[in-house]
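In what follows, a structure is listed as structure tokens, so that the remarks can point back to it.
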Amino acid sequence: MMIVMKEGATAEQIAHVVERIEEVGCSAHLSTGELLTVIGAIGDRDRVAALGLEMTDGVDHLVPILKPYKLASAQFKKGERTVVEIDGRRIGGDHFGLIAGPCTIESREQTLDVARVVNDAGATMLRGGAYKPRTSPYSFQGLGVAGLRLLQEAKDETGLPIVTELMDVRDVEDVVEVADVIQIGARNMQNYTLLTEAGRTGKAVLLKRGLSSTLDDLLMASEYVLKEGNPNVMLCERGIRTFETAYRFTLDLLAIPALRELTHLPIVVDPSHAPGRRDWVPAMSLAAAAAGADGVIVEVHNDPEHAICDGPQALPTSDFADYADQVRRVAEVAGKLVTA
């Protein structure tokens, strides 16, 4: 249930509504806009309805949220879109973000080289994996804490916020010390314990869609983060499994307009994983920007031919500035503000 407060409702009136919701065993989540405050009552809808809140001072009206996901629903924000802001860099609403960096942190030289290039080209954030989920248990799994230290050094030098993956609840403390955005990978999209712990950190979360997941599955997964009082969630389309074998995954660009109807959360596209080859990455990036995505997260490497992980899909640093300029221009045509 969504309780819409009147314009000018006082802090005391809002607190009273929250108290009554919590008295019946439900949780209350506030969303404060420029004019109105909306309170999401999560729990037994019949108990909330029985409170008669529509007659309470300061309450304008009640709106039932029919979707199984409540806090992620577009209804919860009444037409407003969430903007995630980190160190003055924004993604969502009118703001387009360009997140770039290597798939895997391999060395100090590689990390700093890539960070300098993407920063000079106007990237919004630096991505890099210190922990890597691999299909084979014998493949390189990442540098772990040593990789996190290299990401911190890159941030200290460039000022770029860090996006890095969290795979295990045992690594939360180490990852949170460095990450500005916690990435939850496709294989962990329905790891509900991990999602809950990520939500409790208070860090922004980039949630990737699972390989065989519907949009409803993705939005329900986001609810695990949002319910912990963490509103800074970004959804990521990275390609799903279909019957097609001409490329690695099918990049579902229709997810962008569909999600814009279903949710207020920012929508980011990963154009690297689905094609699995760098020459198709620019086209998918431009298509994502044109379709209304709020950002892209792309793989960049200073020597992709010798990359430890996913080299064939990584853009070389020598091409990144031109790539970023093309994506920026299309995003601006689509009505987005693109700022570093």
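Within the range 112-138, the set of residues being out of contact with any Pro (no Cβ under 7 Å at 6 or more places or on another chain), surrounded by 24 or more Cβ atoms within 10 Å (Cβ to Cβ) and not hydrophobic (A, V, I, L, M, F, W, C) comprises THR124, ARG127, GLY129.
The residue that is surrounded by the most Cβ atoms within 10 Å (Cβ to Cβ), counting only those in the range 224-248 that are farther than 19 Å from VAL269 by Cα and not hydrophobic (A, V, I, L, M, F, W, C), is TYR224. Apart from one condition, ARG108 fits all of (1) out of contact with any Ser or Thr (no Cβ under 9 Å at 6 or more places or on another chain); (2) outside the structural domain of ASP156 (by TED's automatic domain parsing); (3) surrounded by fewer than 16 Cβ atoms within 10 Å (Cβ to Cβ); (4) not aliphatic (A, V, I, L, M); the exception is (2).
Among the listed residues MET284, MET234, which satisfies the condition of being farther than 20 Å from THR214 by Cβ and either at pLDDT 95 or above or not assigned by TED's automatic domain parsing to the domain that holds ALA314 (or both)?
Working: MET234 fails: farther than 20 Å from THR214 by Cβ.
From the options MET284, MET234, the qualifying one is MET284.
Of the residues making up the range 4-52, those that are more than 18 Å from TYR69 (Cβ to Cβ), within 31 Å of the chain's Cα centre (by Cα) and of a type in the set (Val, Ile, Thr) number 7.
Listed here are the residues, each with its yes/no results for (1) under 27 Å from ASN232 (Cβ atoms); (2) modelled with pLDDT under 90; (3) aliphatic (A, V, I, L, M).
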| site | (1), (2), (3) |
| --- | --- |
| ALA9 | yes, no, yes |
| ARG20 | no, no, no |
| ILE42 | yes, yes, yes |
| VAL48 | yes, yes, yes |
| PRO64 | yes, yes, no |
| LYS70 | yes, yes, no |
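Every residue, every condition in (1) modelled with pLDDT under 95; (2) under 16 Å from GLY239 (Cβ atoms); (3) buried (at least 19 other Cβ atoms within 10 Å of the Cβ), yes or no:
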position: ARG277; (1), (2), (3): no, yes, no
position: ALA288; (1), (2), (3): no, yes, yes
position: GLY311; (1), (2), (3): yes, no, no
position: ALA324; (1), (2), (3): no, no, yes
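Residues that are on the phi < 0 side of the Ramachandran plot, of a type in the set (Phe, Trp, Tyr), out of contact with any Gly (no Cβ under 8 Å at 6 or more places or on another chain) and in the same structural domain as ASN191 (by TED's automatic domain parsing) are absent from the range 113-134.
Pairing each residue of the range 193-220 that is under 20 Å from ILE297 (Cα atoms) and modelled with pLDDT of 95 or more with any residue that is in a loop (DSSP other than H, G, I, E, B) and among the small types (Gly, Ala, Ser), provided the two are 6+ apart or on different chains, yields C-beta distances under 8 Å for LYS203/ALA179; LYS208/GLY185; LEU211/GLY239; LEU218/GLY210; LEU219/ALA72.
The values are calculated or read from the model by the stated rules, or taken from the named source; none is laboratory data. Every value quoted in this text rests on a predicted model; they were computed, and no experiment measured them. Please note: Cβ atoms are built from the backbone with ideal geometry, for glycine as well, and neighbour counts cover all protein chains shown.
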